[in-house]
Every structure is written in structure tokens, then in C-alpha cells.
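Just below is one structure, and these are the notes that go with it.
The values are calculated or read from the model by the stated rules, or taken from the named source; none is laboratory data. Because the structure is predicted, anything quoted here is derived from the model rather than measured. With ideal geometry, Cβ positions are generated from the backbone for all residues, glycine too; neighbour counts draw on all protein chains shown. Heads up: the accessible areas ignore ligands, DNA and RNA and are worked out on the full protein's heavy atoms, side chains in. Shrake-Rupley method; radii C 1.70, N 1.55, O 1.52, S 1.80 Å.
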Amino acid sequence: MADTVNTTANYEFANNLELKLQSNKAVLWDTCEEQDCTSAEKETVKDLIGDTDPEEADERFADLKETDPGHDRVWIVKPNELYFNKFVDGSDQLATKISLDGGYTMAAMATINRAQDSRVLEGAYGPIISGKDGTVSTPFPAGQIIPVGTGAAAGATGMNVAKLILAGQTLDQSFVDQEEERFMVIDAVQNAQLLSEVPATSADFKGAYGGTFVKGRIMSLLGWNFVHMELRNPRLRAFKLGLTVDANGYTKNPFWTRSGIRKGVWRKLRTAIKDQPQKVDTRSVFAGTTVAATRTQAGKVGIILNSEQQ
């Protein structure tokens, strides 16, 4: 009977958690490419062929010259699992009659969502692992970082239209497909800073700038689709790792195209409700995720540095 209860409880917990993850996804999950990964510690993401200049037939009966574009390979490395684990005493009656869409499910959902968002951010900010055997590590290029003083007469400033324009120009100059979706993370402070910009909110500019607004939030502008999340959330793993804020205290707002970030999924969601034999009438509620992400090409991802001082 105990096994039946555990099986049913496990099923209900997994089902309820999965439903909540579907209706309240990690906000970055659908902004990048995805690939299923096996149990391998390191997997190939993309094989890249470089660009070349054309050869010129500049003499009669000349031998053909070989065009060598060069090749490279991008890898993604299997990360450790990130998880939620809560012990529940038997007196709490964890079984099929317990409301599994209640507190622990909500807490597990929030934990896993933040974990998956953090993995995407870790890939966005982190180095590209490349080479034939995945042994070359290339850090984030300085040329893809929009300076904090952009659009200001002097000193550091927050998010503004000038930075959005320069970010788009940065991708264009890297020959990124202009038809591909472009994303950018902004938080409440940057949203407020943009709302104070005349070109962002004026009716005369909305058509030309392509601005859309929902309940005080700017959802798109100048070809950017904005993802609203707090990069300084102390519960966000990427913030704890020091990835979302630089040494000067400026927020590092990432921008990218859909193909610029690839997430690898070893196991999107693992759930379990288990008896703990070493404890008296105690079970554990567990949810875990094993995912990682990487930039696919340096020119498809950038960072805007922003002061949060208003």
C-alpha cells in the first residue's frame, strides 16, 4: 500500500509541477535554441565554417586555387544538477490527499525556474568552448560591450535609446541576420529609465521606433523584444556568481539573437517523493534540473552596461 501511495504522490507532484512550469516558464527558456543532450559530459553544439574572400581567375589556363574558409566547433559542457529538496514529517500527511499545488510545489517551481534562467545567463555571459576537442576557452569579447556612458554627456548613465541603437548596430556590424528575433533583458529600473525617454514614449516616435507597451512595461522597441527580469535578484544564481553586475556596480544587461544562445537539456525536470529510512516517518520532496547554455558565436550576443542610479 505504501508503494502505491508513493507512486501516486510522485505522479501527482511531477504532474502538478510540470503544469506550473508550463504555465509559468522560466522567462528566458523560449528565447534561445535548444538541443537534447545525452549523458555525455561534453557535446558538440555547432560546427562553424568561416568567411572567405573570393579567388580571382586572373590569368588564362591558370590552376584552380583552393578556398579555405577555416573550421571551428562549439561545445557545451554538462553542468551539475540544480535542485529543490524539502523534508516533510509524516504528521504533515504528505500523500495523495495533500494539495500538491500548494506551498512546496510553488517553492519548487520558483526554484527550478530561477535555476533554468540562471543557466541561460551563465551561458550568455560565459566563455565559448571551442576547438576540435573542446579545449579552447574564449571569454566574452570587449567589443560586444556597450559602454555605460553611451548617450550621456559625461559619466555613467542608465538605459537609453542611444544604447539600444548602438546594440542593434553592434549586431548588424557582425553581419547578424536582421530578420532574426532579438532579445534583451531589462529590469524595473531600466524600464523606468526608458519610459522617461521622449523617443521611447512619444506618439510621434512610436511608429518609427516600433514601441509596444503593456501595463507600463515596454515590451519592444527598435527591434528589441524585452524580457523583464530582475538581474539583481539575490535569489538568482547568476547574480550570486557575480555575472549580472560588473566590478563597478553596473548592471550587465545581455542582448542576443535566438540562434546566438543554445541551451542543452540533459534533464529538464526530475521529481521525486521518497521515504527517508534513516528518519522517523519522513519523506523528501525533490525537483531538479540539468541544463546548460552557451553562446554559439561571439557576434550574436552582447552586453549593455547600465547605472541603476535614477
**Request:** Please specify each residue of segment 227-255 satisfying the condition of being touching an Asp or Glu at 6+ places or on another chain (Cβ under 6 Å) and open to solvent by 70 Å² or more (accessible area, probe 1.4 Å).
**Result:** GLU230
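Condition first: modelled with pLDDT of 90 or more and either at positive phi or open to solvent by 50 Å² or more (accessible area, probe 1.4 Å) (or both). Now tell me which residues in segment 91-117 satisfy that.
Within segment 91-117, just ARG114 meets the criteria.
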**Request:** Could you tell me which residue of segment 170-226 is surrounded by the fewest Cβ atoms within 10 Å (Cβ to Cβ), considering only residues that are under 16 Å from THR31 (Cβ atoms) and aromatic (Phe, Trp, Tyr)?
**Result:** TRP224
**Request:** Any residue in segment 273-302 that's more than 30 Å from GLU34 (Cβ to Cβ): show its pairings with residues that are at pLDDT 90 or above and not in a strand (DSSP E or B) at Cβ separation under 6 Å, as long as the two are six or more apart or on different chains.
**Result:** none
**Asked** Does ARG258 fit the bill of being farther than 23 Å from ALA110 by Cβ and in contact with a Cys (Cβ under 7 Å, 6 or more places away or on another chain)?
**Response** yes
**Fill in**
For segment 144-155 the number of residues that are at pLDDT 95 or above and open to solvent by 40 Å² or more (accessible area, probe 1.4 Å) is 2
**Asked** Which residues, taken from segment 282-310, are under 27 Å from GLU81 (Cβ atoms) and more than 17 Å from the chain's Cα centre (by Cα)?
**Response** THR282, ARG283, SER284, VAL285, PHE286, ALA287, GLY288
**Prompt:** Mind checking which pairs have a first residue in segment 215-230 that is under 21 Å from TYR250 (Cα atoms) and a second that is acidic (Asp, Glu) and part of a loop (DSSP other than H, G, I, E, B), Cβ under 6 Å, 6 or more apart or different chains?
**Reply:** GLU230/ASP187
**Asked** Filter segment 176-214 for residues that are among the aliphatic types (A, V, I, L, M) and touching a residue at least 60 places away in the same chain (Cβ under 8 Å); which is nearest to LYS300 (Cα to Cα)?
**Response** VAL176
**Prompt:** Among VAL120, VAL136, VAL88, which is under 30 Å from GLU33 (Cβ atoms), open to solvent by less than 50 Å² (accessible area, probe 1.4 Å) and either at pLDDT 85 or above or in contact with a helix residue (DSSP H, G or I) (Cβ under 9 Å, 6 or more places away or on another chain) (or both)?
**Reply:** VAL120
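Within segment 290-299, does at least one residue satisfy the condition of being among the small types (Gly, Ala, Ser), in contact with a helix residue (DSSP H, G or I) (Cβ under 6 Å, 6 or more places away or on another chain) and surrounded by fewer than 23 Cβ atoms within 10 Å (Cβ to Cβ)?
yes
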